[in-house]
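Where a number appears in this text, it was derived from the coordinates with a stated rule and is not lab data. These figures come from a predicted structure and were not determined experimentally. Here the Cβ positions follow ideal geometry from the backbone for every residue, glycine too, while neighbour counts run over all protein chains shown.
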Amino acid sequence: MEHLRFEFKTPGNRPSGRASALVGVVSSGNLEVMVESTDLNEACQVEVNTSARGFAAIWQAVLTDFAERHDLAGLRISINDGGATPAVVSLRLDQAIEEFLGMSS
Amino acid sequence: MPAGRMQELLEAVLEPGDRVCLEGNNQKQADFLAGCLAKVNPERVHDLHMVQSVIALPEHIELFERGIAHKVDFSFSGPVGVRMAQLVAAGKIQIGAIHTYLELFGRYFIDLTPQVALIVAHSADREGNLYTGPNTEDTPTIVEATAFKSGIVIAQVNQIVDRLPRVDIPADWVDFVTQAPTPHFIEPLFTRDPAQVGEIKILMAMMVIKGIYAEYGINRLNHGVGFDAAAIELLLPTYADSLGLKGKICRHWMLNPHPTLIPAIESGFVQSVYSPGSELGMEGYVSARPDVFFTGADGSQRTNRAFSHAAGHYACDLFIGSTLQMDLDGNSSTVTLGRIAGYGGAPNLGSDARGRRHCQPAWLKAGRQAHDRPAAMPRGRKLVVQMVETFREQMQPTFVERLDAWTFMESSGMELPPVMVYGDDVSHIVTEEGIANLLLCRTEEERSEAIRGVAGYTPVGQARSRSMVENLRDRGIIQRPEDLGIDKRLATRDLLAARSIKELVHWSGGLYQPPQRFRNW
């Protein structure tokens, strides 16, 4: 297991969504993403627990692009990863935000 | 010929150094004859030169371990690839060359004509006529090359009967027939369980359908084996139909009878399918659809690997396949260190047919895109699509600066790196990030940047120039899902026409009978 922490400063409006949203499952090649509101104002904290060690740089790149795509102020995102590829991670993150904002069908 | 005397027969007819074709493809195997050959006395029979499509069985390896054979020319090696690499390193196996199927078959008639062929059929009659059933595969090619050049043809069959359902190989091309103690081995190689098709593959399949199949009007095509291709097949009755594409794409196929194509056939997408081999469990379904598949008067499927690979090369406008590694020129390879894999049909199917002359709209359109000089001689172009996720299992990057094939060449003494599909034959690369159209690239730099632009978070992808990638995107050379009007949120398993093997059985009206290992209900 590897534990990683990231923080993004996002000077946007705090999105108004649900209290929390959870998508995905922890299984081999998959991951679980939980999004919660916090009172961190402009910051978005991301915590990653992953079974695959040594990929901090790729997590940083994936999460930076994700932060650029969305307005993430005032959120805490917790990820439990079972060795998912960056493609699956990006998809789950987008789904989690959509779910959180109440956009998903 | 009694089965018990086969070893004796082989010791009598084989001379040291003979070229021997041992039939076996990735589907059916002359496993009884392979076992007999592996047991002959190496003092009597040694240094054989094996010529065969596939090296797959432990007995194939045993031939080299015991010194019965020394050299091999082949096309594909399956699960024994690691052991094979070890034997090459130990000097026990000398590889002549690794071929694509048609190339190897071609050499059977030029410089690799077998002196003895050990073949496999379903049944024989008392005259020695052979019935292969749906898995005719390579048999006619091997027998043609051997029997008409004074060679000896020995066949193993499951049973000897009074009257065959049909004659696939005439008796006077066959010298000896033996009834094997057990039916020959056959592998269900093309069955992909829809339960294992994930969202990323579904997203990529949506891009292929909308961004390539609809864009070019692809109606004559071949799919490689794999979950990527299976995802496309399973989206035809749902996603492609919702785009109004029924009757407009995917009508004529060169394809093994993939169970995942059943929903598209039943939905009226598919008009014809010609197959290199059959697939275990698909026999009843294929027999019930002679309007789509090629079948004999007996009702069962007739396949032929040589003809279907010729068809795939000359008569298809598109090939789509996958690979393990791709470099920045678009060259791809399935070689990984310490394992000899081979090519199968990919180099032939995944290459432009420069001898082709007949026109189809898709072929002409691709040709126009590939041409940068208006004054140049116009010609068409086959679409060769590589569909890959940017990372494989265990986070191995698909996109690399340098293929492992180079290291393999250096360590094994080959004259060229074993490349499966050359970059200059590739027209499109599809990843979860988007489609790169290499036909539209005008310089080598543009081409590499287009590849980086779909290479995701691999080191190669992260080294992209963001401004150049945006420029390529403005010119339509790179297309993201949103550029294609694809809503990524729709890429869920709900879009699959069948989500399990059981649903494929339902689509077939109960005619598809999956092998036991795929039954989980």
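Listing for the model above:
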{"read-out": "Ellipticity estimate at 222 nm from DSSP helix runs (n ≥ 4, -39,500 (n - 2.57)) divided over the protein assembly as shown, nearest 500", "value": "-7500 deg cm²/dmol"}
{"read-out": "Lysines whose Cα lies under 20 Å from that of B:Lys210, excluding same-chain neighbours fewer than 8 positions away", "value": "B:Lys201, B:Lys246, B:Lys248, B:Lys365, B:Lys382, B:Lys488"}
{"read-out": "Per residue Cα convex hull volume in Å³ - calculated over region B:60-110", "value": "77"}
{"read-out": "Rounded to 5, the percent of DSSP beta bridges in the protein assembly as shown classed as antiparallel", "value": "40"}
{"read-out": "Separation in nanometres of the label points that stand 7 Å from Cα toward Cβ, at A:Glu47 and B:Ile110", "value": "6.6"}
{"read-out": "Sites matching chymotrypsin sites (Phe, Trp or Tyr not before Pro) across region B:12-111 that sit in DSSP coil, with at most 15 neighbouring C-beta atoms within 10 Å", "value": "B:Phe109"}
{"read-out": "Chain A: relative contact order in percent, alpha carbon pairs under 8 Å with at least 6 residues between", "value": "41"}
{"read-out": "Cβ-placed point charges (K, R +1; D, E -1), dipole of region B:317-490 about Cα centre in debye, nearest 20", "value": "660"}
{"read-out": "C-alpha center-to-center spacing [region B:454-520, region B:227-292] in angstrom", "value": "18"}
{"read-out": "Mean separation of Cα contacts under 8 Å, 6 or more apart, over the residue count of chain B: relative contact order %", "value": "14"}
{"read-out": "Where only alpha carbons of region B:317-490 are counted, the Rg and the Dmax (Å)", "value": "16.4, 49"}
{"read-out": "Partner aspartates and glutamates for B:Lys149 [C-alpha distance under 20 Å; skip if fewer than 8 residues away on the same chain]", "value": "B:Glu15, B:Asp18, B:Glu23, B:Asp73, B:Glu103, B:Asp111, B:Asp138, B:Asp168, B:Asp172, B:Asp175"}
{"read-out": "Translational D in µm²/s for the protein assembly as shown (Stokes-Einstein at 37 °C, 0.692 mPa s, Kirkwood Rh from C-alpha pairs)", "value": "125"}
{"read-out": "Neighbour-limited loop hits for trypsin sites (Lys or Arg not before Pro), chain A (at most 12 other Cβ within 10 Å; DSSP other than H, G, I, E, B)", "value": "A:Arg18, A:Arg53"}
{"read-out": "Label-point separation, B:Phe148 to B:Arg489 (7 Å along Cα→Cβ), nm", "value": "6.3"}
{"read-out": "Crossing angle, helix B:305-314 versus chain B [Cα axis fit, 0-90 degrees, rounded to tens]", "value": "30"}
{"read-out": "Translational diffusion coefficient (Stokes-Einstein; Kirkwood radius from C-alpha pairs) of chain B at 37 °C, 0.692 mPa s, in µm²/s", "value": "137"}
{"read-out": "Sequence of A:Thr64, B:Thr260 once ranked by neighbouring C-beta atoms within 10 Å, starting from the fewest", "value": "A:Thr64, B:Thr260"}
{"read-out": "Cα-based helix-to-principal-axis angle, A:86-100 vs chain A, degrees rounded to 10", "value": "30"}
{"read-out": "Among beta bridges that DSSP assigns inside region B:3-179, antiparallel share in %, nearest 5", "value": "10"}
{"read-out": "Taking only Cα atoms of region A:2-100, radius of gyration then Dmax in Å", "value": "12.3, 36"}
{"read-out": "Fraction of antiparallel bridges per DSSP, chain B only, in percent to nearest 5", "value": "30"}
{"read-out": "Phi to ³J(HN,Hα) by Karplus 6.51 cos²θ - 1.76 cosθ + 1.60 over region B:64-73, Hz, x for Gly, Pro", "value": "7, 4, 8, x, 5, 10, 10, 10, 9, 10"}
{"read-out": "Candidate lysines for bridging to B:Lys92, where Cα separation is under 27 Å - those fewer than 8 sequence places away on the same chain excluded", "value": "B:Lys28, B:Lys39, B:Lys71"}
{"read-out": "Contact order normalised by residue count of region B:3-179, Cα under 8 Å, 6+ apart, percent", "value": "21"}
